[in-house]
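Colleague: Below is a structure I'd like to ask you about.
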Protein chains: 2
Amino acid sequence: MPPFDVPEGDPFGPHNLPYGVFSLPGSAERTVGVRLGDHVLDAGAAAHALGSPYASLLARPTLNPLLAAGRTAWSDVRRALTAWVTVPAHRETVEPFFHPLSEVTLHLPFEVADYVDFYASENHARNVGQIFRPDAADSLTPNWKHLPIGYHGRSGTVVVSGTDVVRPSGQRKAPADPAPVFGPSVRLDIEAEVGFVVGVPSEQGRAVPLSAYRDHVFGLFLLNDWSARDIQAWEYVPLGPFLGKSFATSVSAWITPLDALDEARVAPPARTHDLLPYLDDSGEEPGGYDLRITVTINGHDVSECPFSTMYWTAAQQLAHMTVNGASLRTGDLYGSGTVSGPTERERGSLLELTWNGRDPLELPDGKRAFLEDGDVVTLSAWAPGPDGVRVGLGEVTGRVVPAS
Amino acid sequence: MPPFDVPEGDPFGPHNLPYGVFSLPGSAERTVGVRLGDHVLDAGAAAHALGSPYASLLARPTLNPLLAAGRTAWSDVRRALTAWVTVPAHRETVEPFFHPLSEVTLHLPFEVADYVDFYASENHARNVGQIFRPDAADSLTPNWKHLPIGYHGRSGTVVVSGTDVVRPSGQRKAPADPAPVFGPSVRLDIEAEVGFVVGVPSEQGRAVPLSAYRDHVFGLFLLNDWSARDIQAWEYVPLGPFLGKSFATSVSAWITPLDALDEARVAPPARTHDLLPYLDDSGEEPGGYDLRITVTINGHDVSECPFSTMYWTAAQQLAHMTVNGASLRTGDLYGSGTVSGPTERERGSLLELTWNGRDPLELPDGKRAFLEDGDVVTLSAWAPGPDGVRVGLGEVTGRVVPAS
């Protein structure tokens, strides 16, 4: 009988239990849900019914209170949830609080504080360097191997999976054009990334060391950093990306707690340069994750991106982001940067997959240099879990709608 | 008898009435205050006592509800406040709700949503270009005269005037160094700017036109965008400033409503390039403000920065920031960029004032290439007001404390 009886090997089985926020049809009330198979558990209601002390963290319209509660609470709540959905004695009590995923509306799972995006894939950085600076001696900038390059993005335009993305308009100027022109972007792209959410804040003026990563970061999720390459190319010197990125960033509705990914941890690629002590993770637990991200356009596979190839880890990014004393807040989101592997079909952006439009993708519904109106882009992913069972990451999907 | 009897010509007289948030000694309760001379009026308490419908907007711990209420409410509240502090019949009722400024604690006046920083002074951009790219044919990048260059900063480290600023640590690398070194910044700088706060949000996917500036932006204030030039120089290619700026941004405790600055409006400098229609302000009201910002270090004047020389206006910045469909939220903050005038003593950063340290300032307490621990930097400003009376802007001050 569903929902307890998720099929053996389901990537959203009781070993996973990602968190989201949902509402029921006809209701504006949002509350924390936990995904099990193709159902969602109203976690706060279940906690109430079971007399659990965690009801106050779970019967809330965002994940922020749970995020702020800290690592011990995260483990305790996860242990309790695991019991509620696996111990037969709880079944009768808990079952009424499951709802089919198809019947609920999923919302942005947490209130985004600051949003930072990194640039941590060496393959991606080298591809971009070769495309945009073909004459440079090195496709990487001189700082790339010394620090995880990042910048702040726009928190207010982070949207949940399923939200339509309006094609942005803006200025663009090809090098040979005498002046910029204005109009809808003609080079709308994706960036397949993994996002991380901070739970526990830190004090301004104090760095957060590498070793404190698991005390601050609650979980991860798929992220699509939509990018208008033509707008970006004209605006980004000298202060970085702005309108080419700020129109929309899509995130999954499901946050996978780091506690569900212990079997997925892997060492990052061998370091080619000595790292300054605050970034030296040689004495730390493995900082990478063996996630494989599949990118589809209108249901057609276009890429499979190996997150294990990322040069900089989430722990290094956190340490770098705070080493100047910048504080963390509950709900801070940081993206890994585009995930691109070493081979052609492992690239996380159309910029790379089509080599800036030179080699369009041949899809069953036509060629694609960049995205067309109506295109639906979906990222999905899985990681190795316990006993050979996969841990599924909640997909992130979005449809391009015409410029307004 | 104070506080109604502010001296004739006081820059914080009843023609000004900036808004802030304060608490009384021994109390954690924050509420909206309005400055009159050297007193602050508990605006919510006064509204209650007078039976005003605006009590619900004013008896709040941040300005956000007032910001969100919109332009008609802003005007109505301002008109009511003006009456409360000028009409003799209200005096007895209102007077108990005034507190000496020296007795209250001032707080961050609004919850910052997104923070964007622009680069709108042509003098500043040319100075920076000459310092960092001395061999370039043009000290401005090719896009500079076509769009207001901007980038997102860190909202979570915006602090109110008076907050100490911890010297940031980070990586730096001089061109001749074989590898980066780590340590406290040795080129800690300021940027004298004006900040603008958005009240009324906008919808994602819709641009906000130039003409809607006054419908969305509530007011302005002084802002010090602390900058570690050594960290910034090493990190900023290709994605822009990050840790060189994200450690702290100081804002005034007092937000001056745009309604108080009607007499200060001036036309921006003549445009040297045709503007795309969404930035063309030739048919709009004058978009500049005649603000004069004084910068002091430890009480010694080092610069007077004329805001009227800014090439890009706040209305143009708003239109640009949203032209790609990026939405606005209540509490969005955007900075003008460093305000530098055409002459040597009108520059808004030490980078420019000392020409990257080459020509240190001679202050009574010693030479300054960049900031030393213990230095107190203060920005203050005024604008022309009605009948020749100045409109004072609340100062923004901060002391540099040693790296932690």
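Colleague: Can you tell me which of A:261, A:275 is over 30 Å from residue A:172 (Cβ atoms), part of a loop (DSSP other than H, G, I, E, B) and in contact (Cβ under 8 Å) with a residue 40 or more places away in the chain?
Modeller: On inspection, the qualifying residue turns out to be A:275.
Colleague: Return the only residue of A:354, A:378 being in contact with a Pro (Cβ under 7 Å, 6 or more places away or on another chain), closer than 17 Å to residue A:191 by Cα and hydroxyl-bearing (Ser, Thr, Tyr).
Modeller: On inspection, the qualifying residue turns out to be A:354.
Colleague: Looking only at the stretch B:143-199, count how many residues are in contact (Cβ under 8 Å) with a residue 60 or more places away in the chain and either touching a His at 6+ places or on another chain (Cβ under 8 Å) or basic (Lys, Arg) (or both).
Modeller: 16
Colleague: Please state which one of B:174, B:120 is assigned by TED's automatic domain parsing to the domain that holds residue B:230, part of a loop (DSSP other than H, G, I, E, B) and closer than 29 Å to residue A:333 by Cβ.
Modeller: B:120
Condition check ((1) at the interface with another protein chain (Cβ under 7 Å from one of its Cβ atoms); (2) out of contact with any Asp or Glu (no Cβ under 7 Å at 6 or more places or on another chain)) across all residues:
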position: A:155; (1), (2): yes, no
position: A:162; (1), (2): no, yes
position: A:166; (1), (2): yes, yes
position: A:169; (1), (2): yes, yes
position: A:172; (1), (2): no, no
position: A:175; (1), (2): no, yes
position: A:179; (1), (2): no, yes
position: A:182; (1), (2): yes, yes
position: A:191; (1), (2): no, no
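Colleague: Of the residues B:102, B:75, B:56, which is closer than 30 Å to residue B:189 by Cα, part of a helix (DSSP H, G or I), polar (S, T, N, Q) and not assigned by TED's automatic domain parsing to the domain that holds residue B:194?
Modeller: Checking each option against the conditions leaves just B:102.
Residue-by-condition table, conditions (1) under 19 Å from residue A:79 (Cβ atoms); (2) touching a residue at least 40 places away in the same chain (Cβ under 8 Å); (3) outside the structural domain of residue A:251 (by TED's automatic domain parsing):
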position: A:11; (1), (2), (3): no, yes, yes
position: A:14; (1), (2), (3): yes, yes, yes
position: A:23; (1), (2), (3): no, yes, yes
position: A:27; (1), (2), (3): no, no, yes
position: A:34; (1), (2), (3): yes, yes, yes
position: A:40; (1), (2), (3): no, yes, yes
position: A:44; (1), (2), (3): yes, no, yes
position: A:48; (1), (2), (3): yes, no, yes
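Colleague: Follow-up. Keeping to the stretch B:370-404, report how many residues are modelled with pLDDT of 95 or more and over 30 Å from residue B:13 (Cβ atoms).
Modeller: Adding up the residues that qualify gives 10.
Colleague: Say whether the condition of being under 23 Å from residue B:196 (Cα atoms), crowded, with 23+ Cβ neighbours inside 10 Å and not aromatic (Phe, Trp, Tyr) is met by at least one residue in the stretch B:266-288.
Modeller: No, the stretch B:266-288 contains no residue that is under 23 Å from residue B:196 (Cα atoms), crowded, with 23+ Cβ neighbours inside 10 Å and not aromatic (Phe, Trp, Tyr).
Colleague: Considering only residues that are farther than 30 Å from residue B:198 by Cβ, at pLDDT 95 or above, assigned to a loop (DSSP other than H, G, I, E, B) and charged (D, E, K, R), which ones fall in the stretch B:326-369?
Modeller: B:358, B:359 - these are the residues of the stretch B:326-369 that are farther than 30 Å from residue B:198 by Cβ, at pLDDT 95 or above, assigned to a loop (DSSP other than H, G, I, E, B) and charged (D, E, K, R).
Colleague: Report every pair of residues separated by at least 6 positions or lying on different chains whose Cβ atoms are under 7 Å apart, first residue within the stretch A:318-338 and at negative phi and facing chain B (nearest Cβ under 8 Å), second charged (D, E, K, R) and assigned to a loop (DSSP other than H, G, I, E, B).
Modeller: From the stretch A:318-338, the pairs are A:326/B:154; A:327/A:203; A:329/A:114; A:332/A:114.
Colleague: Next up: Can you tell me which residue in the stretch A:193-244 is surrounded by the most Cβ atoms within 10 Å (Cβ to Cβ), limited to those that are within 13 Å of chain B (Cβ to nearest Cβ) and among the hydroxyl-bearing types (Ser, Thr, Tyr)?
Modeller: Only one residue tops the list, namely A:227.
Colleague: Let me ask something additional. Please go through the stretch B:65-95 and pick out each residue that is basic (Lys, Arg) and touching a helix residue (DSSP H, G or I) at 6+ places or on another chain (Cβ under 8 Å).
Modeller: The answer is B:71, B:78.
The values are calculated or read from the model by the stated rules, or taken from the named source; none is laboratory data. What you are looking at is a predicted structure, and each value in this text was computed from that prediction instead of being measured. When we count neighbours, we look across all protein chains shown, and the Cβ atoms used for this are built from the backbone with ideal geometry, even at glycine.
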